[in-house]
1. Could you check B:ILE204 against (1) farther than 25 Å from B:GLY133 by Cα; (2) in contact with a Lys or Arg (Cβ under 7 Å, 6 or more places away or on another chain); (3) more than 10 Å from every other protein chain (Cβ to nearest Cβ) and say which number it fails?
2. Does any residue of the stretch A:288-305 turn out to be part of a helix (DSSP H, G or I), touching a His at 6+ places or on another chain (Cβ under 9 Å) and under 30 Å from B:MET125 (Cβ atoms)?
3. Could you list, in sequence order, the residues of the stretch D:150-196 that are more than 14 Å from every other protein chain (Cβ to nearest Cβ), open to solvent by 20 Å² or more (accessible area, probe 1.4 Å) and at pLDDT 95 or above?
4. Looking for something open to solvent by less than 20 Å² (accessible area, probe 1.4 Å) and more than 26 Å from A:LYS10 (Cα to Cα) - is there at least one such residue anywhere in the stretch A:139-149?
5. Go through the residues of the stretch A:116-137 one by one and say whether even a single one is touching a residue at least 60 places away in the same chain (Cβ under 8 Å) and farther than 30 Å from C:ASP142 by Cβ.
6. Given the criteria modelled with pLDDT of 95 or more and surrounded by fewer than 17 Cβ atoms within 10 Å (Cβ to Cβ), does D:LYS57 qualify?
7. Residues in the stretch C:46-69: is at least one of a type in the set (Lys, Arg) and on the phi > 0 side of the Ramachandran plot?
8. Go through the stretch A:276-288 and give me each residue that's open to solvent by 30 Å² or more (accessible area, probe 1.4 Å) and polar (S, T, N, Q).
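The values are calculated or read from the model by the stated rules, or taken from the named source; none is laboratory data. The model shown is predicted, which means the values in this text are computed figures rather than measured ones. A quick note on method: Cβ atoms are made from the backbone with ideal geometry, for glycine too, and the neighbour counts reach across all protein chains shown. When the accessible area is computed, the model is the full protein with side chains, heavy atoms only, and any ligands, DNA or RNA have been set aside. Shrake-Rupley method; radii C 1.70, N 1.55, O 1.52, S 1.80 Å.
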Number of protein chains: 4
Amino acid sequence: MAAKLASDAKGVYVIAATPFLDDGRIDFESIDSLVDFYLKCGVHGMTILGVMGEFQKLSETETLDVARRFIQAVKGRVPVVVGVSNPGTTQLVRTASKVMEAGAAGVMAMPIAGLRTDEAVTGYMGSVLTALGRDIPVCVQDYPQLTGVYFSAACFLQMVDTFEQIVMFKHEEAPGLRKLSAIRAACDGRARRYISIVCGNGGIHLPQEYLRGADGAMTGFAYPDMMVRMHELFSAGKAEEAEDLYDKYLPLLRHELQPGIGLALRKEILRRRAAIRSNAARAPGPRLDKADIAELDRLLARLERKLAA
Amino acid sequence: MAAKLASDAKGVYVIAATPFLDDGRIDFESIDSLVDFYLKCGVHGMTILGVMGEFQKLSETETLDVARRFIQAVKGRVPVVVGVSNPGTTQLVRTASKVMEAGAAGVMAMPIAGLRTDEAVTGYMGSVLTALGRDIPVCVQDYPQLTGVYFSAACFLQMVDTFEQIVMFKHEEAPGLRKLSAIRAACDGRARRYISIVCGNGGIHLPQEYLRGADGAMTGFAYPDMMVRMHELFSAGKAEEAEDLYDKYLPLLRHELQPGIGLALRKEILRRRAAIRSNAARAPGPRLDKADIAELDRLLARLERKLAA
Amino acid sequence: MAAKLASDAKGVYVIAATPFLDDGRIDFESIDSLVDFYLKCGVHGMTILGVMGEFQKLSETETLDVARRFIQAVKGRVPVVVGVSNPGTTQLVRTASKVMEAGAAGVMAMPIAGLRTDEAVTGYMGSVLTALGRDIPVCVQDYPQLTGVYFSAACFLQMVDTFEQIVMFKHEEAPGLRKLSAIRAACDGRARRYISIVCGNGGIHLPQEYLRGADGAMTGFAYPDMMVRMHELFSAGKAEEAEDLYDKYLPLLRHELQPGIGLALRKEILRRRAAIRSNAARAPGPRLDKADIAELDRLLARLERKLAA
Amino acid sequence: MAAKLASDAKGVYVIAATPFLDDGRIDFESIDSLVDFYLKCGVHGMTILGVMGEFQKLSETETLDVARRFIQAVKGRVPVVVGVSNPGTTQLVRTASKVMEAGAAGVMAMPIAGLRTDEAVTGYMGSVLTALGRDIPVCVQDYPQLTGVYFSAACFLQMVDTFEQIVMFKHEEAPGLRKLSAIRAACDGRARRYISIVCGNGGIHLPQEYLRGADGAMTGFAYPDMMVRMHELFSAGKAEEAEDLYDKYLPLLRHELQPGIGLALRKEILRRRAAIRSNAARAPGPRLDKADIAELDRLLARLERKLAA
């Protein structure tokens, strides 16, 4: 079993797709091949059942089955973080307990839609964190583009000071570079305990985020191998080289970031890279049409040419 | 088993609360007493597992257990409509099939959050209605205050013309009196087949809605007996008497309509009326404080005085 | 000239309509008759160029012309508060200065759309309040249903502690009864300086708000005479009588509260009460159709019968 | 005077900044230098007083003064489109008439916030277009990220079929590539009259948009010279070269796209390129801090290195 998620976590925690068969059933064999793919890419961790993992379209039983299959396939080689956000706190806690028993390294949760102020966010997250208890390491996800819930850096710091189980912050408010800087400065290991900051939002500002003190990436870009190499370069102090590499992929990364259709594009690339067998997303979900495919073909061809140059 | 929901449905389809024990577990015995209470109130139908039924906080298993208990307790005396809205279409259809097998009269579904145009709404609802098939009668819920999804009367009519399984429209856009008039005029049984229109949104404009052609109410106001009596008066052509009765309850009805806290107020009144044992809502959910209770006490005392006068 | 707005303000600060001619031009003569009407109703203050005053549809010149006409007509008999919210701070301050010179008692401003956290709200309001300076009394409007901006009670208290020019809080978040209680308790004249709290949101919870410590109403309900009488009764400790009176108007008050069409309904009632000559709202604005008029006729007839009883 | 805006318009219609002095006053001299800069960049048109032009922070007088100064400086060399969106239709039409008299080629307008359905959008836009009349060419802006108003391609086509004064569509819904394809296919000059489609949203998908049939760009990216060169390459059938050029600027373009701070970044680059004297935005507006400046310095240095390579 992998060690628990800790606040010194660094690197690429790839957001894993959930593979489906064309008929919508879960493709468990593709979970195995996808894990192999991610591990070959060198990822430092894996986050499953996030938004890109279509967690909302799975029943409770399916959620646990998928989580267990991922964890078994990973065999403790890297930490597996499991998204457990849920409209009901009871369900959230039950899922969290079961995946931790199954070998997860930690869980990820975000404030529920409808919270309007920092006060409401700390109220909600406080009750969730209390219910989860101190033994389950938590990554707090900040994804207002999806939830409509915005909270300030000060609000997050208040949570950090109250709940030791918070070890990681998934930063993806946009624009949010200053918020990242503020949290990094406040959680620097001296003024306050260190918190791992990993960046989502498709990685669209990832080099800038590294330079502002991020510890890594937590996103589903279909080339995690690039992100791993980029992380190594940043870690070695080679920021310009890191960003040169990143810039080659930026046109595709930007293309994948489109809400909705982006999921279909990512799954199609993962399929082409032989990581999964079908690009199917569960309904309601996006499907690529001929123009979308031609556009993707062209962008992939351009990437190959750049990499070859 | 009750007959299936049909487009000539009329009357009060009360939105049922889901009773919980103080510790958050489902209170199945209170389902039985709640059903008794509603039937004694004279309701013409029951809608379970709607928003007020906290459907989002139940697991799939719990959803089915609750639905079956309600249906068993009702024993076919009135139609039971089951809310099946779900982020995943597969789950939605699975729940719908199982509750229909268990004896439900029909299901209720609403467009999923994130749909931006009429085109997107008909696309989504079309795929859901196709997946449900022609044999499951459907009530389409229009609740943009919750979902953020707005659609026009024309959009609904297009669905009606394509999907014969739509038999009922749950109207609760606010403001929405003109939309009700437009749909009533279009679905009048001559220009187009008749569709039952029932009104939600706490009943805050219910007399006006009856006068514009609504067929009934579908809301969770804790005095369904008043709504039943009001329906009888409207049906007998006694609109002024009907509204006189309604107006006595309006201060409380308006008070209950408050989002969030309204659920706690309703459950507290149901508890005082001996319909359920606990006013508990599942987390995250509202709780009444001392000021809330005193306020409610006073409003209830005022209601009693008015009724006694 | 009327005294400046102060934190001990109490009573009904009616939100004034801006009268237009049928062709959309400002109807200055109706400003005079409207002022007469409001003063005869006994209002304790007047708030002009608020949302109901269609402030966004006036040019800067028109804004000043309308403000001056109202102030001249009032002749210092009651304080006139002028809404000055504006996307540009320069324009906001310029308008505020000019209306204060013209004899306004104070100004009303609200956080601009797009502010996401308490921190952002205090940042924006702080810069506006600093630019306005200490000599202009300010009523802070809290109307998230319109702006999408939510802030906590704690956020408002921070503003109160920093900016002495804040003397009044226009409460209209919904639901918001607990926020009112929190601000009342904190600004009680002992723990912190007293702030006048007046309630908007159409007055839909006005009796409850009085009982939780509100100082008055600031809304455009077309029967300010009722609100004045109700205020007197509450001030005399006759809460039940006050609410009995209110309850007679509640069906109409609730009907007027509908966003959009509500403005047209209010202007039509003001026209019928001979306060203004035309019910016209500037484009884009709502217009009543035949069904709307018939509905209003009936509700007004019901009100008359209740008052006669 | 420049010819009027026509539906065969092609190329780069740069969204012009409005230059301010550090104290917030309009910097008219910088309008002249900015026009020189844009014209030297080779732009095919200019769009002033758009969102990036901070139109909402100008009084009506300032709006006209700024528009006239731009138009005079341009001296008819390229068409000038003027943003006239306004909460009041009267003001909108008055501004439109005055800028057309002053020599504008056309106006740009968008649906007002609060419209919920296609029906509401066509209702609002229909009344605005009718009030503007047939003689003022109109560019319809589709910017839901700002307004919250979404409309379908079918809705736009209905407007095109009714109002001949619509000659241009400013596409910036995101994601929106399929909408662009749908409108292009429908307005192809055969099935329906041709409409010029220009793309905003910072240009983040500009090459893909060209390949889907866009006629040009309408965005404020601070390197319009790049966009002009790219347009020429696309027009010459050199799509790969065009996108190679674009890709060099993509890191900066993506950085500038950040809402809020993006305006400050653009104005700072324009200042560095000697197009304007101050990077000031009017309050409430973003300001760059030290970290923002260092980040920008680095990105600009990287761009220079790429261009030199």
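1. Condition not satisfied by B:ILE204: (3).
2. Of the residues in the stretch A:288-305, the ones part of a helix (DSSP H, G or I) are A:290-305.
With touching a His at 6+ places or on another chain (Cβ under 9 Å) added as a condition, the list becomes A:295-296, A:299.
Narrowing further to those that are under 30 Å from B:MET125 (Cβ atoms): A:295-296.
The answer is yes, given that some residue of the stretch A:288-305 is part of a helix (DSSP H, G or I), touching a His at 6+ places or on another chain (Cβ under 9 Å) and under 30 Å from B:MET125 (Cβ atoms).
3. Selection gives D:ASP161, D:THR162, D:PHE163, D:GLU164, D:ASP188, D:GLY189, D:ARG190, D:ARG192, D:ARG193, D:TYR194.
4. Within the stretch A:139-149, the subset open to solvent by less than 20 Å² (accessible area, probe 1.4 Å) is A:139-142, A:144, A:149.
When the remaining residues are screened for being more than 26 Å from A:LYS10 (Cα to Cα), the result is A:149.
Checking the stretch A:139-149: at least one residue is open to solvent by less than 20 Å² (accessible area, probe 1.4 Å) and more than 26 Å from A:LYS10 (Cα to Cα).
5. yes
6. Criteria not met by D:LYS57.
7. Filtering the stretch C:46-69 for residues of a type in the set (Lys, Arg) gives C:57, C:68-69.
Checking which are on the phi > 0 side of the Ramachandran plot leaves us with none.
Checking the stretch C:46-69: not a single residue is of a type in the set (Lys, Arg) and on the phi > 0 side of the Ramachandran plot.
8. A:ASN279
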